[in-house]
1. Work out, step by step, the length gained on full extension between Lys110 and Met64: first 0.36 nm times the residue separation, then minus their alpha carbon distance; give nm to one decimal.
2. For Arg87 and Lys102 in one chain, what is 0.36 nm times their gap in residues minus the Cα-Cα distance, to one decimal in nm?
Amino acid sequence: ARSMEVEKRGTGDGAPPAKAKTITAAVSATKRVWKKRPAKRTSSDKRGKLGSEWEKRKRKRELMRQAKQKQAEYIEKVKEAKREERRKREQRKQYKEEQQKKNEVVQEIKDLKKIKKMKRKHLRYIEKR
């Protein structure tokens, strides 16, 4: 720190100036008192945080990995539920078709002349088995 002398001006009546004061302050290279030199560099602050930043990133990655795993499990669970629902639906449909076939009233037509005489409306209901 450099010292700087500051003079007090006189009152204007020609009297000699009062005793000079000596002010000790942190003076920059440009000799501006109001500009303070930083106590330490900001890069030194960052060095201490490197390890903790790495730990934060590591922890964040682990959390993301766990979240993705849970999401994948949930999606698989939903897909399995849909597959099961589809399988049950198909079983119900198949069972219903079997019951309808059992309950049908079937009449055998051996005479082909009857088929030729039938109208279109009746022919629509005929099935060949």
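Each reported figure results from applying straightforward, stated rules to the coordinates on display, with no laboratory input. Everything numeric in this text was worked out from a predicted model, so none of it was measured.
1. Details: separation 46, 0.36 × 46 = 16.56 nm, distance 7.36 nm.
This chain segment gains 9.2 nm when fully extended.
2. On the way: separation 15, 0.36 × 15 = 5.40 nm, distance 2.29 nm.
Full extension from Arg87 to Lys102 adds 3.1 nm.
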